[in-house]
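The values are calculated or read from the model by the stated rules, or taken from the named source; none is laboratory data. What you see is a predicted model, and the numbers here were worked out from it, not measured in a lab. Counting neighbours? That spans all protein chains shown, and the Cβs are built from the backbone with ideal geometry, glycine included. Side chains included, ligands, DNA and RNA excluded: accessible areas come from the protein's heavy atoms. Shrake-Rupley method; radii C 1.70, N 1.55, O 1.52, S 1.80 Å.
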Amino acid sequence: MEKRKVVIADIPGAFLSADWPDDAPPCYIRFDGVMVDMLCQIEPSYSKLIRYHTNKKTGRVGKTLYGKVKKAIYGTLLGAVLFYNKLKGILIKMGFEMNAYEECTFNKMVDGKQCTIQFHVDDLKLSHVNQGVLDGIIDKLNDIFGSEGEKLAASYGYVHEYLGMTIDWTIEGKVVFTMYDYLEDILDELSSEFDGEDVTPAVSELFTVNMTHQKLDTPTSELFQRIVAKFLYIAKRARPDLQVAVAFLCKRFKCLNVGDRKKLGRLVRYVRATIHLPLIVGCDGTGNMVWSIDASFVVHTNMKSHTSYCMSLGIGSPISGSSTQKVNTQSSTESELVGVDDAIGFVEWASLYSKEQVKDYPPEHPLKDMGKKTVVLQDNTSTIKMLMGGKRVCGQQTRNIHIRYCYAHERVTDGTIVVTYCPTKEMVSDYLSKPLQGSLF
């Protein structure tokens, strides 16, 4: 909506730019086999430090080198903290201020317009209406992190590859997320038994588990888990329509059977039929956040219910979820109340984050009211009465649930959220709480 320019940048050898503190616990790294030979070619004096050992099973003699870590090493917890603190300190010195509710989001007003830098580890996403401002920031970061012959890998324009996603800003007022290549790589990995197409990601009996089905062998189980984990990554970024099936399949990892494999096959065939579906997100300009929260009562074999939620600023849903509830409930009203509590953290965070993002905007800016009003849609009138009425409408049967989930009532009372009735067939989150079929899907 602000027509910003966008730059994606990758910091080369990011972690190695931070030193391991002298007062921190020491960390050691071990090199084996061919790595030992390579290091000794670079520095022959290391040869006298090689330790030899014999493999008890094969009888082969192996080489090992041990080194004390002096730089932040990728894969170590402290290494990640060291790099984050270094990057954070640099951005603050450049005049950026961290969003209080998202520690990898930094903002600065430049020439009356907001410049935003967000990052995931060492992958940065910068945006501002003036390309020159972004070029200046990249130059400064190159002076700090770049080395001779190796500068920040930066990409420009309105279409970018970022964290496995293709993010497209070419349509004014909208952003399009796709992961075509990632999906095609998954389909190419699968055997011919997963060929074909389907119209929905899951059959209506998705949550039904037949305990008499044959268990999957170890290689098949490992393939199943790897494929589902990849679908999970996609579902949370560019394909929320996969979340119901993925959420169920993730719960089956410990006891997989042939029935689960069939359900994965259904998901794969649906993906093949809809591989070019994008996630399109936009804002209607009101700044209102509308959340649709739903629950399916006792649909799982352990008699637990299923929660779903999704948020929209007018077009598409940038935040959505689908998960099994952690407690058992005694009625659909209770399950809906638990569903609201499951989602309330996301609801509150999104509002606070957005308000923080626009706090420095001038009063006349069209996005100044972003996150100011949060509406929660509910299709259960009893749940709405409990959320709005609190203890005075709480009977003995729901007392325990009410005590446990009164936080949502407090957010209604203090005006953080406004609860509104919405018919079930118009609840978008209904799509994420059960495997819908036919025209309703």
Along the positive direction of the dipole of the chain (beta-carbon charges: Lys, Arg +1; Asp, Glu -1; about the Cα centre), which of Q114, L440, A202 reaches farthest? A202
Mind checking which of E410, E426, E189 has the largest fluctuation in a GNM of the chain, springs on alpha carbons under 10 Å? E189
How would you rank 192-203, 222-233, 55-66, highest first, on the average number of other Cβ atoms within 10 Å across their residues? 222-233, 192-203, 55-66
I'd like the Karplus ³J(HN,Hα) series for the stretch 151-157: coefficients 6.51, -1.76, 1.60, θ = phi - 60°, whole numbers in Hz, and an x wherever there's a Gly or Pro. 9, 4, 7, 10, 10, 10, x
Hey, got the dipole for the stretch 86-188? About the Cα centre, +1 on K and R Cβ, -1 on D and E Cβ, debye to the nearest 20? 640
Ordering 301-310, 154-163 by per-residue average of other C-beta atoms within 10 angstrom, highest first, gives 301-310, 154-163
Distance between Cα centroids, the stretch 159-188 to the stretch 20-57: provide it in whole Å. 41
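Using helices alone, what [θ] at 222 nm do you get for the chain, with -39,500 (n - 2.57) per DSSP H run of 4 or more residues, divided over all residues and rounded to the nearest 500?
Details: 12 runs with 146 residues, N = 441.
Helix contribution divided over all residues of the chain: -10500 deg cm²/dmol.
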Given a 1.4 Å probe and every protein chain left where it sits, what share in percent of the accessible area of the chain is carbon and sulfur? 54
Residue with peak Gaussian network fluctuation, the chain [Cα springs, cutoff 10 Å], from M211, M370, M311: M211
Which aspartates and glutamates have a Cα lying under 20 Å from the Cα of K359, excluding residues fewer than 8 positions away in the same chain? E2, E97, E102, E103, D111, D284, E348, D369
Please enumerate, by chain and number, the lysines with C-alpha under 28 Å from the C-alpha of K262, excluding those fewer than 8 residues away in the same chain. K215, K230, K236, K251, K254, K304, K326, K434
Label corresponding to volume of the Cα convex hull per residue in Å³ when calculated from the structure given, among (i) 204; (ii) 214; (iii) 164: (ii)
Residue with peak Gaussian network fluctuation, the chain [Cα springs, cutoff 10 Å], from M179, M388, M94: M94
